[in-house]
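Report on the structure given below.
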């Protein structure tokens with residue numbers, strides 16, 4: 001198997017001719033269907049917030065909003081959102097598998113405590129705690145909207161659904177934005193550094209609805225996560241770290257909102 005001559009290693013080999021065109025078209029379609037279109041929507045949301053009365057700091061973004069007045073219907077809407085994200089991740093895995101790159105080759109082999117869980121917890125702490133600090137600073141400076149991680153009603157299913165949403169976000173983003181995209185860009189002959197930057201910029205773009213602080217924070221997260229995967233070729237730590245960060249944010253907000261003064 002041939003890898004880019006730049007630093008890092010992982011699945012993917014340079015393609016040529018018709019293969020290159022097919023891969024370019026595939027990437028474009030996947031991005032339009034998934035996070036590329038989300039990035040454009042987020043950029044438009046940021047512009048709209050900046051032009052609105054009160055500017056970016058006067059706006060609010062709900063990450064897990066209630067979708068219906070009836071509890072059962074709302075639950076079904078939430079589960080459909082989870083299923084959509086898992087489907088995005090499955091799409092990336094399927095396209096890689098069709099090209100001869102199975103889940104094991106991108107770091108989704110059997111999960112290991114020392115090789116996957118512990119690094120995942122470390123990554124969650126390294127990204128999550130500074131990320132919270134960056135959000136609070138950006139919000140105080142008016143560079144971030146007020147993020148509401150959960151506005152679900154006090155239903156019996158609220159906490160399990162928030163955990164499922166965190167896991168689904170983690171699977172979709174880390175599979176597509178890191179493993180799939182970087183692997184496909186390798187096949188186009190991109191260096192590891194260019195592929196890493198493209199992945200991080202994509203991650204930052206679809207978080208711009210949170211404001212410049214959210215976009216910048218997720219850009220940094222993308223650089224750290226992508227570099228980790230390029231060096232280790234282990235994807236489980238990224239999925240676990242991302243799921244932990246989101247779950248703590250969602251559940252922590254639901255528990256702490258209105259009870260602590262520092263949380264917007």
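The values are calculated or read from the model by the stated rules, or taken from the named source; none is laboratory data. Remember, predicted model here, so these are calculated numbers, not experimental data. Quick reminder, even Gly has a Cβ in these numbers, built from the backbone with ideal geometry, and neighbours come from all protein chains shown.
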Report task. All but one of (1) closer than 26 Å to residue 249 by Cβ; (2) at pLDDT below 90; (3) loosely packed, with under 14 Cβ neighbours inside 10 Å hold for residue 17, so report the exception by its number. Result -> (1)
Requested in this report: Mind counting the residues in the stretch 29-76 that are part of a loop (DSSP other than H, G, I, E, B), in contact (Cβ under 8 Å) with a residue 24 or more places away in the chain and more than 17 Å from residue 264 (Cα to Cα)?
Outcome: 2
Report summary line: Heads up, the helices (runs of 4 or more DSSP H) in the stretch 123-237 (entirely inside) with at least 2 residues that are surrounded by fewer than 18 Cβ atoms within 10 Å (Cβ to Cβ) and touching a residue at least 12 places away in the same chain (Cβ under 8 Å) are 158-173, 192-205, 212-232
